[in-house]
2 protein chains.
Amino acid sequence: MKCHHYPNQNGEYELCVSKVPIFNHLNQEEMREIAFLIQSRTFKKGEVIFSANSSLNELFIIHTGRVKIYRLSDSGREQILRILEAKEFMGELTLFNESLTQNYAEATEKTEVCVIQKSDLQKLIVRKPSIALKILEEFSKRLTNADQLIQQLGSADVETRIASVLIDLNKKQNSNIVTLPMSKGDFASLIGTTQETISRKLSAFQERGWIKLTGQRVVSILNIEKLISFTEDTK
Amino acid sequence: MKCHHYPNQNGEYELCVSKVPIFNHLNQEEMREIAFLIQSRTFKKGEVIFSANSSLNELFIIHTGRVKIYRLSDSGREQILRILEAKEFMGELTLFNESLTQNYAEATEKTEVCVIQKSDLQKLIVRKPSIALKILEEFSKRLTNADQLIQQLGSADVETRIASVLIDLNKKQNSNIVTLPMSKGDFASLIGTTQETISRKLSAFQERGWIKLTGQRVVSILNIEKLISFTEDTK
DNA sequence: CGCGCTATTGAATTGTTTCAATTTAGGTGG
DNA sequence: CCACCTAAATTGAAACAATTCAATAGCGCG
């Protein structure tokens, strides 16, 4: 893990602050001030950023890269809760909840994060309540996503869950050639199934001519309508 | 649905405001002011408070009773996301998210709610940012609960999920005689299984001597340690 | 006290997992 | 830039957990 303080010599210090939604609505002066409270850290693919049972004293904001947030069950099974990308933050739950986190965070690719101390952020929020509103917005979005995942895990079969993810990615990436933001193994962990089942179901979609698999993470969507109507079928 | 405005003749108007976490930290004067913005409504068991695809213009705070928040899949299957009880609120997601809600809310018993207009609440938050912090706390708790449910649904078998709920209730109600806060059917919908399976698994626990079923919603926990170690088993 | 909703139980069926054996992809280093 | 090597993905077959549908039993509300 590399680590350095903002600001650095070439004025890069505003990178995080000026780009992330929770701060970028502030004025120049305010952002400059926050930049001094921020540290930068870099994690390699596979490095753990924080673990369960730790009391986090900092909020991490992703600058570049990707992080998976997951839990481990007693049996050792990993359940991914969400994948975070640039501009999103993590470590927030212990900000408003005293307790220890139960989550793990691991970089799934080279990832640069900006770190701000919990105590510094708390002081900032008091002075600039608009920051709290931005966090509320993000929480709101996450809760909606979590609710959707709960619905999928609780009441859709694996094939439907996979189709739903493809449809979401198709919409989000606005392209028929979709790149999975994670390995198939992580994909499996996210939707509560196994790598093997994912493989089988994707092959089945391919055989039906709805998709075409290219490489490990690329899926060409040939017939989005079929995929959609599949998720809507009463089964 | 009954409906009346606060304040009523016998000074009951502060009931909701003075008790719920999002307002009760304010001073008397402020609470009195808020009380004038609040309406009371009563729902019978089974009544729908709001439905998917509606743009909610209000926040509902539960005064008495219980509400299930759920989604319906295209196939008509109901997935409960959470059960709300006194002092909790609902309709919050459209406060910070423009879009339509995808959730349903239904009273599972006679329920009294306090209603505040979204626009009124937004004005209040600007004047009293501490309200936003209370909402953040609640969101944080909900996100943690949602994460836990995701983990359970995604990586634990049904028996383990049921045992976990019993353990949680035992802790929350602080008694070995636990009352389910919902019907077994709703219990099934919450943990993503069927009534029949719940029945079978509870019977199995009873046969092993870990619990004793009394009536429809009462479970005596005879051996909490066995239940706990069961959830921790590598299976 | 009776009716209706809620829960139970049985048996067949299905979807998914598991474990093991291969195959493939794609990053790394020469 | 190619060959290699490892991590990732695929495929098969057996085993299993949970669902479904249907029929019965029982609680508890009015």
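The values are calculated or read from the model by the stated rules, or taken from the named source; none is laboratory data. Note that the structure is a prediction, hence the values are computed from the model and not measured. All Cβ positions, glycine included, derive from the backbone under ideal geometry; neighbour counts span all protein chains shown.
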For the condition free of Cβ contacts under 8 Å to residues at least 24 places away in the same chain and either among the basic types (Lys, Arg) or part of a helix (DSSP H, G or I) (or both), what is the one hit in A:Lys171, A:Lys134? A:Lys171
Specify which of the listed residues (B:Ile135, B:Ile177, B:Ile198, B:Ile150) is crowded, with 19+ Cβ neighbours inside 10 Å and either within 14 Å of DNA strand C (Cβ to nearest atom) or more than 19 Å from the chain's Cα centre (by Cα) (or both). B:Ile198
With modelled with pLDDT of 95 or more and either away from DNA strand D (no atom under 16 Å from the Cβ) or not assigned by TED's automatic domain parsing to the domain that holds B:Ala204 (or both) as the only criterion, which of B:Ala107, B:Ala146 stands out? B:Ala146
Return the residue satisfying two criteria in turn: it lies in the range A:180-195 and is among the hydrophobic types (A, V, I, L, M, F, W, C) and more than 14 Å from chain B (Cβ to nearest Cβ), and of such residues it is nearest to DNA strand C (Cβ to nearest atom). A:Leu180
Among residues belonging to the range B:202-235 that are of a type in the set (Lys, Arg) and not in a loop (DSSP other than H, G, I, E, B), point out the one that is nearest to DNA strand C (Cβ to nearest atom). B:Lys212
Among the residues of the range B:88-104, is there at least one that is surrounded by fewer than 21 Cβ atoms within 10 Å (Cβ to Cβ), among the acidic types (Asp, Glu), closer than 21 Å to A:Glu138 by Cα and within 14 Å of chain A (Cβ to nearest Cβ)? yes
What single numbered condition from (1) touching a helix residue (DSSP H, G or I) at 6+ places or on another chain (Cβ under 8 Å); (2) small (Gly, Ala, Ser); (3) within 14 Å of DNA strand D (Cβ to nearest atom) fails to hold for A:Ser164? (3)
Select from the range A:215-235 the residues that are over 17 Å from A:Gln173 (Cα atoms) and within 15 Å of DNA strand D (Cβ to nearest atom) and write down the one among them that is farthest from the other protein chains (Cβ to nearest Cβ). A:Gly215
